[in-house]
Amino acid sequence: MTTDWSFDLGGGMYTVEPVVGDGTLYLAVTTAHTPSVSEGYVAAYDPETGDELWKRDDVSRPGTPTVGDGTLYFDTGGSEDAEATGFFALDSATGETKWHKSESFGLGDPLVAGSRLYGTASGDACELDSETGDVRWKTDGVGGGACYADGTLFYGGGVALNAADGSVLWDTSGSADDLQTVTDGLVYGTVNGSDAENVVRARSADDGTVQWSYSLRTTGYWWADRLAVASGCVFF
């Protein structure tokens, strides 16, 4: 195994993932993270050569981006500079700002599905116009990151919504499941808490009923509990 290319980030990507979309690599890097200063940059690269295509270093510490339909979406945190914080929608080819929401709007957990933009705003599920950032619908009290399949949004808090209008299809929020990924008619999640037994669980995407559960026979917060599903297996 050989290294094709490498460079110094000038910072770090702790808890942040690289993203590839439309043949471009996007990195969100933190360059300063202290109680008083939180700075970073988002940049685009040629994945074959590592050449920089554009860079925005006028933002606060960025989260993992989402890319879709020519736009790069990401939220930030930590800085007191209002122009550097909040939620950004950038032209994915040039890095220029398409629109920006202030930090007070509380927008996060972006998901692009079917050319539509979903997320949470101050803890409530929502859809926004991907071109303007205007709210199309909002469902109060539904939060967590979302996954999508066949016109349905499955939010981490345990609620399935109609992606077209935000209406609730089923609600298992009382079970403490953290819904994470969906495929082939099943939604997979975990139960993870200070007093709860650690469980991996599969639910029907249609009505939320439990199809199977696997207990780790442990309790307490389970570090790094993200699930991946492939080739008929659930990996964690």
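Tabulated data for the structure shown
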item: Breaking point among (1) farther than 27 Å from GLY63 by Cβ; (2) under 19 Å from the mean Cα position of the chain (by Cα); (3) not polar (S, T, N, Q), for ASP206; result: (2)
item: Test: GLY157 is within 20 Å of PHE74 (Cβ to Cβ) and buried (at least 17 other Cβ atoms within 10 Å of the Cβ); result: no
item: Yes/no for VAL191 being in contact (Cβ under 8 Å) with a residue 24 or more places away in the chain and of a type in the set (A, V, I, L, M, F, W, C); result: no
item: Number of the condition not met by SER122 [criteria: (1) modelled with pLDDT of 95 or more; (2) out of contact with any Lys or Arg (no Cβ under 9 Å at 6 or more places or on another chain)]; result: (1)
item: Residue that is more than 17 Å from the chain's Cα centre (by Cα), surrounded by 13 or more Cβ atoms within 10 Å (Cβ to Cβ) and modelled with pLDDT under 95, where the choices are SER173, SER130; result: SER173
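Yes/no matrix, rows are residues, columns are (1) at pLDDT 85 or above; (2) surrounded by fewer than 11 Cβ atoms within 10 Å (Cβ to Cβ); (3) of a type outside the set (A, V, I, L, M):
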site	(1), (2), (3)
VAL187	yes, no, no
ASP195	no, yes, yes
SER204	yes, no, yes
GLY208	yes, no, yes
SER213	yes, no, yes
TRP222	no, no, yes
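The values are calculated or read from the model by the stated rules, or taken from the named source; none is laboratory data. Just so it is clear, the model here is predicted, and its values are computed rather than measured. Cβ: placed from backbone, ideal geometry, glycine included. Neighbour counts: every protein chain shown.
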